[in-house]
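Below is one structure, written out as structure tokens; comments come after it.
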Amino acid sequence: MKDLAGILFFLVFILTGCSETTSIYGELTKIEENIFFVECSDAVRENGDYSTDVGYLCIVQITENTTLRNQSRENLSVEDFREGNTIQVTLKEPKTMEPSEISRKVEAKQIILYE
């Protein structure tokens, strides 16, 4: 019984230690062809005691399967987005955000423009 309690504690610790991010809410800082750079420092800091002095950008890949909308759920195109906009990105797959650039490269399932 004591072993079972230890295993359960370990599993709870592991599962809650690093949470996976399913969406990012932040400023669109740069636009390139099929890529948005989005401020995602809060998502990175949720997973560790990382510096508050450092800002982190997520590199968001836009594919033909990515849905682009506004808050009224009207369909948009990439051309409707501008640097400085606030957006919410729903990720294609949950991901643990960390300071490493590779962990901050994501594919968007949906992007919502907030006005």
**OP:** Could you please find all residues in the stretch 92-115 being more than 11 Å from the chain's Cα centre (by Cα) and not in a strand (DSSP E or B)?
**Re:** 99, 100, 101, 102, 115
**OP:** Go through the residues of the stretch 31-39 one by one and say whether even a single one is modelled with pLDDT under 90 and surrounded by 10 or more Cβ atoms within 10 Å (Cβ to Cβ).
**Re:** no
Original post:
So how many residues does the stretch 90-102 have that are farther than 13 Å from residue 22 by Cα and among the polar types (S, T, N, Q)?
Top reply: 1
**OP:** Return yes or no: is residue 83 under 14 Å from residue 27 (Cα atoms) and either outside any strand (DSSP E or B) or of a type in the set (D, E, K, R) (or both)?
**Re:** yes
**OP:** Enumerate the pairs (first residue in the stretch 66-88 and within 18 Å of residue 33 (Cβ to Cβ); second residue anywhere and in a loop (DSSP other than H, G, I, E, B) and among the aliphatic types (A, V, I, L, M)) with beta-carbon separation below 6 Å, excluding pairs fewer than 6 apart on the same chain, so at least 6 apart or on different chains.
**Re:** 68/76
Subject >> Tally of residues being of a type in the set (Lys, Arg) and under 18 Å from the mean Cα position of the chain (by Cα) across the stretch 63-80 >> reply: 1
Original post:
Residue check: is residue 114 within 17 Å of residue 20 (Cβ to Cβ) and either modelled with pLDDT under 95 or exposed (fewer than 14 other Cβ atoms within 10 Å of the Cβ) (or both)?
Top reply: no
Original post:
Does the stretch 54-63 contain any residue that is part of a strand (DSSP E or B), farther than 11 Å from residue 112 by Cα and β-branched (Val, Ile, Thr)?
Top reply: yes
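Residues checked against (1) at pLDDT 75 or above; (2) exposed (fewer than 10 other Cβ atoms within 10 Å of the Cβ):
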site	(1), (2)
10	no, no
16	no, yes
25	yes, no
51	no, no
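The values are calculated or read from the model by the stated rules, or taken from the named source; none is laboratory data. In this text the structure is predicted, and so the values were computed from the model without any measurement. Methodologically, a virtual Cβ is constructed for each residue, glycine included, from the backbone with ideal geometry; neighbour enumeration extends over all protein chains shown.
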